[in-house]
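The block underneath contains the structure these notes are about, expressed in structure tokens.
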């Protein structure tokens, strides 16, 4: 089974590591709650306080 | 009466003998014709060294013609001689593709004996690059040496032995020899290739494996190839091969006949594997194309392939086999021992590759089914019903009290991947396997990234994730189904204009994963749209098949979450083989916080 999320164009800045693995056709093992990306609006106005955003 | 019978029997035998003689004669003529071409091809590659010396110079000149650098070359990486002990693998890069061997034992004299058929084309690539990598726990896939071989030169050289030894050069200091590699290369006999190919495709429909084909079996195969040959024509062909008129023919007999027939009037007008249209005027190349495609489609070759670079191929089992997830593992304890092969994904938490167990035979069968038009064609219209049926059956089984006894075995099999400490209830709590399958986790065991900041989206499931900034990227790197589109995925009822060319994130759940999915962004849940469909497997074998459109054909439920930070986010839960039951725990209009439980998948149709 699979879940697919579709974000509107330019709505999200997906984390780089996830995009890089995917571009090599490699899946990344993740858990619920791990960071996926940041809204483009926030990204364009300066990154949120990501120090608090642990991967796990 | 007896006399008449004898006469009749005798004349019948004579007729059959006569037919047999005619057929043999025809085959002899056709073989002669093909062998002449083979000699032509071989002389073109074996003797055309460019010197044009001797009385045969006109022939040499002709042989040098690039037109004759064509056919199937069988390249074998035999063994290496390295300067230290380690585990070794070798890659062959030719044209746009790279293939790799298995990994050798720890030795300084690795033996691979890996074969690969390469397509030689006029005006095509001539130089093959061989790269040898050492691989161990400390130094994974480090390039140690390489050599480049001009296959045209190699095949035109007269060799005393069946193989040639090449120096392996240090990639950083190309003048330094770091080892040697033994390689053989020959041009395959087109007649044998043709017969072998016909034999193999015929064997697909030899369901009982007795080496004989009935007319319905033969007919079904021709239909699967999409050929509109009239029934009468098929019967005619079949009868021609059925020399004793007993209604069945051996694979060899039919293969010979088909090889000849393909020469006269092609039966296959498009490649059954890749769908490419075959030019009627270029029969030899068509056969070569079909053979190579078929080899790739069935994973029949010793070397794995399909990589773009030698570096990628050195990580081939990561890049390719990581796509080979398996539904077989739902059958508890099936994949153990020697039948298990490996699958890798990149673990984001540990930043390491994670190994998963997989049954090699299942992988091959799934490839055969999902990645070839033949496979899907043969499964035919009954596929959807079969998948639905086994999913419903599995659902009933997993909801039975008896199924609870499978839980400990399942946990044991995936003991490295299921953390029972995370599970909310002890194993005894679960009365059926399905209850365990949709197990809840203890609060807090999945921390939510930046919980207080809704600008940060989170992963919606414990899963294998792929993400693409646009649909084009997803089609380039992952989804190969020809009919995939956002509109097709979301269906008619969800307005998709805002999502066209949007960002796509795919969360694929494996059998051992926690099967509840969560809300990735904070917002308000829109309407739920159930889209009926079939239950193809969602594993990458199917996703990577251009013949299978899993995401747009499978049963699914689509909804949206309206957010202040991301606009609308479409959320699609897709059922799959055996796990086709989708349950949502929220309803339209609910305000959800990222990380909230949203629903779960369970066994059923």
Q | Unique match (being surrounded by 14 or more Cβ atoms within 10 Å (Cβ to Cβ), at pLDDT below 80 and within 24 Å of residue B:72 (Cβ to Cβ)) among B:122, B:117 | A | B:117
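Going by the conditions given, is residue B:506 closer than 16 Å to residue B:459 by Cβ, modelled with pLDDT of 95 or more and at the interface with chain A (Cβ under 8 Å from one of its Cβ atoms)? First the steps, then the outcome.
On the way: closer than 16 Å to residue B:459 by Cβ: yes; modelled with pLDDT of 95 or more: yes; at the interface with chain A (Cβ under 8 Å from one of its Cβ atoms): yes.
Here the answer is yes, as residue B:506 does meet what is asked.
Could you list all residues from region B:551-567 that are in contact with a helix residue (DSSP H, G or I) (Cβ under 6 Å, 6 or more places away or on another chain) and either within 8 Å of chain A (Cβ to nearest Cβ) or part of a strand (DSSP E or B) (or both)? Steps first, please.
Here is the first cut: in region B:551-567, the residues in contact with a helix residue (DSSP H, G or I) (Cβ under 6 Å, 6 or more places away or on another chain) are B:551-552, B:558.
If the condition is that a residue be in contact with a helix residue (DSSP H, G or I) (Cβ under 6 Å, 6 or more places away or on another chain) and either within 8 Å of chain A (Cβ to nearest Cβ) or part of a strand (DSSP E or B) (or both), then B:551, B:558 are the ones that fit.
What do you reckon, is residue B:545 more than 19 Å from residue B:490 (Cα to Cα) and more than 10 Å from chain A (Cβ to nearest Cβ)? Steps first, please.
Numbers: more than 19 Å from residue B:490 (Cα to Cα): yes; more than 10 Å from chain A (Cβ to nearest Cβ): yes.
Answer is yes for this residue.
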(Q) Given the condition under 19 Å from residue A:39 (Cα atoms), facing chain A (nearest Cβ under 8 Å) and touching a residue at least 12 places away in the same chain (Cβ under 8 Å), answer yes or no: does some residue in region B:490-497 qualify? (A) no
Q.
Looking at B:495, B:530 in this structure, which one is farther than 19 Å from residue B:469 by Cβ and assigned to a strand (DSSP E or B)?
A. B:530
Q | Criterion violated by residue B:538 - all others in (1) within 11 Å of chain A (Cβ to nearest Cβ); (2) modelled with pLDDT of 95 or more; (3) within 25 Å of residue B:605 (Cβ to Cβ) satisfied | A | (2)
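With more than 19 Å from residue A:9 (Cα to Cα), in a loop (DSSP other than H, G, I, E, B) and either facing chain A (nearest Cβ under 8 Å) or in contact with a helix residue (DSSP H, G or I) (Cβ under 6 Å, 6 or more places away or on another chain) (or both) as the only criterion, which of B:416, B:406, B:453, B:501 stands out? So that I can check it myself, show each step before the final result.
Values: B:416 fails: either facing chain A (nearest Cβ under 8 Å) or in contact with a helix residue (DSSP H, G or I) (Cβ under 6 Å, 6 or more places away or on another chain) (or both); B:406 fails: in a loop (DSSP other than H, G, I, E, B); B:501 fails: more than 19 Å from residue A:9 (Cα to Cα).
On inspection, the qualifying residue turns out to be B:453.
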Q) In region B:428-443, is there at least one residue being crowded, with 23+ Cβ neighbours inside 10 Å, at negative phi, in contact (Cβ under 8 Å) with a residue 60 or more places away in the chain and in a loop (DSSP other than H, G, I, E, B)? A) no
Q) (1) modelled with pLDDT of 75 or more; (2) assigned to a helix (DSSP H, G or I); (3) in contact with a helix residue (DSSP H, G or I) (Cβ under 9 Å, 6 or more places away or on another chain): which one isn't true of residue B:186, the others all being true? A) (2)
Q) Only one of (1) crowded, with 17+ Cβ neighbours inside 10 Å; (2) assigned to a loop (DSSP other than H, G, I, E, B) is not met by residue B:465, so which one is it? A) (2)
**Q.** Which numbered condition residue B:514 misses (of (1) at the interface with chain A (Cβ under 10 Å from one of its Cβ atoms); (2) at pLDDT below 90)
**A.** (2)
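Considering only region B:519-548, how many residues are within 23 Å of residue A:19 (Cα to Cα), within 32 Å of the chain's Cα centre (by Cα) and touching a residue at least 60 places away in the same chain (Cβ under 8 Å)?
Here is the first cut: in region B:519-548, the ones within 23 Å of residue A:19 (Cα to Cα) are B:519-522, B:538-546.
With the extra rule that they be within 32 Å of the chain's Cα centre (by Cα), the set shrinks to B:538-546.
Subset that is touching a residue at least 60 places away in the same chain (Cβ under 8 Å): B:539-546.
Going through region B:519-548 one residue at a time, the tally reaches 8.
Does residue B:583 fit the bill of being more than 8 Å from chain A (Cβ to nearest Cβ), under 30 Å from residue B:425 (Cβ atoms) and touching a helix residue (DSSP H, G or I) at 6+ places or on another chain (Cβ under 6 Å)?
When the stated conditions are applied, residue B:583 does not pass them.
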Q: Check residue B:521 against each of (1) under 24 Å from residue B:581 (Cβ atoms); (2) more than 7 Å from chain A (Cβ to nearest Cβ); (3) buried (at least 19 other Cβ atoms within 10 Å of the Cβ) and name the one condition it does not meet.
A: (1)
Q. Is there any pair linking a residue in region B:384-398 that is more than 19 Å from residue B:437 (Cβ to Cβ) to one that is modelled with pLDDT under 75 and assigned to a helix (DSSP H, G or I), with Cβ under 8 Å and at least six apart or on different chains, and which?
A. B:386/B:379
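The values are calculated or read from the model by the stated rules, or taken from the named source; none is laboratory data. Every value quoted in this text rests on a predicted model; they were computed, and no experiment measured them. In this analysis, Cβ positions are derived from the backbone assuming ideal geometry, glycine residues included, and neighbour counts consider all displayed protein chains.
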